[in-house]
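Here the structure is laid out as structure tokens; the discussion comes afterwards.
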Amino acid sequence: MIADTGADSTTIGIGILTYNREGYLKTLIEALLTQETEESFPVVILDNGSLKPLDSSIRRLLDGLAGPVTVLRESGNALSAMRFVGLIEAVDADFVLLPGDDDLPLPNYVSTSLKLARKSPAVTLISGGMGQIDAQGRRLATTNAAPVLEGAPIALGTLLRSASYNMPATGFRKSAIDVKCAPRTRTAFDWWLWIQCWLKGSAAVTHDETILYRQHIGQEQRRYGAQAFRNDAGRMLIDFVTSDAFQVVVKSWSPWELDQFVDTVLASDGPNSGDSRWGPMVQMVLVDRLAGSAQDKQLASLFAQASGHAGTPATLGAIRALAPELELHCLPVETWSRIPVSMEWQGDCALLSSWRRYLNVSKTPTPQFGVVFACACQGNPQALHRVTSTGERFDSGEGFCLTFESEPGEAETSRLLDSIGRLTGRLHGFETHVNDEAVVLAAYRRLRLSRPGVVLEKAYRWRGRRA
């Protein structure tokens, strides 16, 4: 059960953005007419440039709602996130819910939201369970539960990875956000909302379903490609980790809370849902922003993991430059935590053992390529100690072969990690021939001015002189 303070006067308002879906919109309004609450709630409908104005039958349904109703109409269609700003500003309530015009609120949609919003003055985000229906309104088996995230460190670490909350089932406190600063692309819009709410307060959630999300052909395609989506989200996450608001929150955390945050980031598949271009960049900038707050070991782990995921060599020299007080004698295990590699060791000489200790490779259950290290001495102490490293992709057979005659060092490690980067197809994490990534590369140039960026530049220059 959700506790309700009773005396709290917190209000809930509903904003609906609609475009050419009169049939579904009528069903949504009919559901709002049957809400299990005696309290009135305002409803604002913003017509995003539909081919014709709302039908008179819909307006008659709206007249039956107990609260105030506002209908706005734009002359032309635009991306939804651009319209959400005006829609949210028009909703006169403490909390705003934004169901899709094709979704189906359950009878407890408003009453459950009110109870969640009134649990505590610190609550800035509310969310319930979300079921699914098909185009004809038939129930599907899938139910999306609201995540239970305890405390801002874990929540913000989780939100670096993905939006986490389901938009139709989630509401937010208007006073916690400055909607004029919201991203104007749909990918990052609600993601940004949830982050801002956690920067200012906390979440109240329930596993009870409050709304049904409709799956059907013809849903908005957003006129964007998948990589453009990730670019938008990546820029938003960079803005988040470099914001003054984030710095204020980090400075307020205890060492234990900071550990929670870093562990949450390290345990996921990386910022921006593990995108191999923007994800590592977000995490490297995060390292830069945590300098002076997090422990050197934490910074080194974050840096090594991000570099490995991007295909960039995170050698010990680069990590030591980032955290000069840290005594490292092997690569952090996080270097390999997002790289689907298996390593096999053939032989038993001192040089091979030294490489094995130095690389400190973690195991992965589903490797996509393998690397075999072998020595040629065959146990003969008089033989020349030479180690060969052979890598191969399991799907294509593409590979590399390297020979090492010395202990692991900067140049040798860079050669190996560069070769692994090429084998994974993620060298430096960027594909410069893709036009969409001009913006990514511009952001990468800005990254080079940050602390980890300078470290990488020095490492590459030093390696170039050795070559």
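Observations on the model:
- Cα Rg, Dmax, segment 342-421, angstrom units: 12.7, 39
- Charge tally in the Cβ shell below 13 Å around GLY137, where Lys, Arg are +1 and Asp, Glu are -1, GLY137 excluded: 0
- Globularity ratio of segment 73-162, using Cα Rg and 2.2 N^0.38 Å: 1.30
- Rounded to the nearest whole Hz, the Karplus-based 3J(HN,Hα) values (6.51 cos²θ - 1.76 cosθ + 1.60, θ = phi - 60°) of segment 251-260 follow the sequence 5, 7, 6, 6, x, 5, 5, 5, 4, 4, with x at glycine and proline.
- Contact order relative to length of segment 12-222, as percent, for alpha carbon pairs under 8 angstrom and 6 or more apart: 26 percent
- Taken along its principal axes, the alpha carbon cloud of segment 12-222 reaches lengths of 49, 34, 33 Å, longest axis first.
Any read-out appearing in this document is the output of simple, stated calculations on the displayed coordinates, not a laboratory observation. Keep in mind it's a predicted model, so treat the numbers as computed, not measured. Quick reminder, even Gly has a Cβ in these numbers, built from the backbone with ideal geometry, and neighbours come from all protein chains shown.
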